[in-house]
Amino acid sequence: MITISENIQLTPVLSTDAKFLFKLMKEIYPVAYSHFWTDKGDWYVNTQYSEENILKEISEENSDNYLVLFKDEIIGNFRIIWDEKLKGLTQEKQVKLHRIYLQQKTQGNGIGKKVLSWLEDKAKQKGYEVVWLDAMNEQPQAFQFYKKLGYKYHSHIILPFDLLYDAVRKMSQVYKEI
Ligand SMILES: CC(C)(COP(=O)(O)OP(=O)(O)OC[C@H]1O[C@@H](n2cnc3c(N)ncnc32)[C@H](O)[C@@H]1OP(=O)(O)O)[C@@H](O)C(=O)NCCC(=O)NCCS
């Protein structure tokens, strides 16, 4: 267990948590992204958070996979990948924030900011120079959040998924020198 503040902790995702994580994301993801998808995001969640994929993710050596706790309740999920590089950035030591998702009822209370600040401090201590991530342009909450924390635009791609509406396909890579 990692303590970030009095009320916020991170605990590693274990293989026995796979079903729980799927259920949690079935709740969190559609609230923020169902309007992006013709099937309301079912395919994406079922694929991304299948037991098979979660087990694969937690077995990846360079990754840290966490559940986020607030006041002792699991309210989110946070994943980082050390040494995954963003094409076109020259820094040697880069870490990718793969995802952070918090339950809607806990959003806007500074939890995301504290978790990212913990990541940036930890990365800096380990000699890393850059944190980067992918953010969907048409999800203003997440996009504004990263902007506010000092992340800058680097590049973007247009996602090819069949079930994604055309208007929301743009995904930007943003980064911060730490
Ligand atoms: C995006 C997310 C991680 C942000 O975490 P959070 O705990 O809600 O955000 P915080 O309360 O820490 O906000 C930090 C700063 O961002 C700003 N911010 C947050 N949401 C914002 C919004 N919709 N518009 C403008 N600014 C926003 C806050 O005002 C705050 O600034 P301040 O410190 O000056 O007050 C969280 O809301 C979430 O999980 N959203 C849904 C899932 C998602 O989109 N995840 C990202 C996909 S990888």
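Could you please let me know if LYS148 is closer than 26 Å to LYS26 by Cα, within 14 Å of the ligand (Cβ to nearest atom) and either out of contact with any strand residue (DSSP E or B) (no Cβ under 8 Å at 6 or more places or on another chain) or among the basic types (Lys, Arg) (or both)? Steps first, please.
On the way: closer than 26 Å to LYS26 by Cα: no; within 14 Å of the ligand (Cβ to nearest atom): yes; either out of contact with any strand residue (DSSP E or B) (no Cβ under 8 Å at 6 or more places or on another chain) or among the basic types (Lys, Arg) (or both): yes.
Taking the combined requirement at face value, the residue does not satisfy it.
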- Message: Filter segment 33-48 down to the residues that are under 16 Å from the mean Cα position of the chain (by Cα) and touching a residue at least 40 places away in the same chain (Cβ under 8 Å) and list them by number.
- Response: TYR33, TYR44
- Query: Based on what the data block shows, is ILE75 more than 23 Å from GLN125 (Cβ to Cβ), free of Cβ contacts under 8 Å to residues at least 40 places away in the same chain, in contact with a Ser or Thr (Cβ under 7 Å, 6 or more places away or on another chain) and not acidic (Asp, Glu)?
  - Reply: yes
- segment 115-152, residues that are surrounded by fewer than 16 Cβ atoms within 10 Å (Cβ to Cβ) and either under 19 Å from PHE70 (Cα atoms) or of a type in the set (A, V, I, L, M) (or both): SER117, LEU149
- Task: Please name all residue pairs, on different chains or six or more residues apart, with Cβ atoms under 6 Å, provided the first residue is in segment 100-119 and is over 18 Å from MET25 (Cα atoms) and the second residue is near the ligand (Cβ under 7 Å from one of its atoms) and of a type in the set (A, V, I, L, M).
- Result: LEU116/LEU149
- Query: Among the candidates ALA167, ALA123, ALA142, ALA135, which residue alone is aliphatic (A, V, I, L, M) and modelled with pLDDT under 95?
  - Reply: ALA142
- Task: Please determine, by comparing only the residues of segment 81-105 that are away from the ligand (no atom under 11 Å from the Cβ) and among the β-branched types (Val, Ile, Thr), which one is surrounded by the fewest Cβ atoms within 10 Å (Cβ to Cβ).
- Result: THR90
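Listed here are the residues, each with its yes/no results for (1) of a type in the set (A, V, I, L, M); (2) more than 15 Å from the ligand (Cβ to nearest atom); (3) free of Cβ contacts under 8 Å to residues at least 40 places away in the same chain; (4) farther than 25 Å from ALA123 by Cα.
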residue: MET25; (1), (2), (3), (4): yes, no, no, yes
residue: SER50; (1), (2), (3), (4): no, yes, yes, yes
residue: ASN65; (1), (2), (3), (4): no, no, no, no
residue: PHE70; (1), (2), (3), (4): no, no, no, no
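Quick one: is TYR165 over 16 Å from PHE78 (Cβ atoms) and in contact (Cβ under 8 Å) with a residue 60 or more places away in the chain? Working first, answer last.
Details: over 16 Å from PHE78 (Cβ atoms): yes; in contact (Cβ under 8 Å) with a residue 60 or more places away in the chain: yes.
So TYR165 fits the description; yes.
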- Looking only at segment 121-146, which residues are within 15 Å of the chain's Cα centre (by Cα) and closer than 20 Å to LYS87 by Cα? VAL131, TRP132, LEU133, ASP134, ALA135, MET136, ASN137, TYR146
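The values are calculated or read from the model by the stated rules, or taken from the named source; none is laboratory data. Keep in mind it's a predicted model, so treat the numbers as computed, not measured. With ideal geometry, Cβ positions are generated from the backbone for all residues, glycine too; neighbour counts draw on all protein chains shown.
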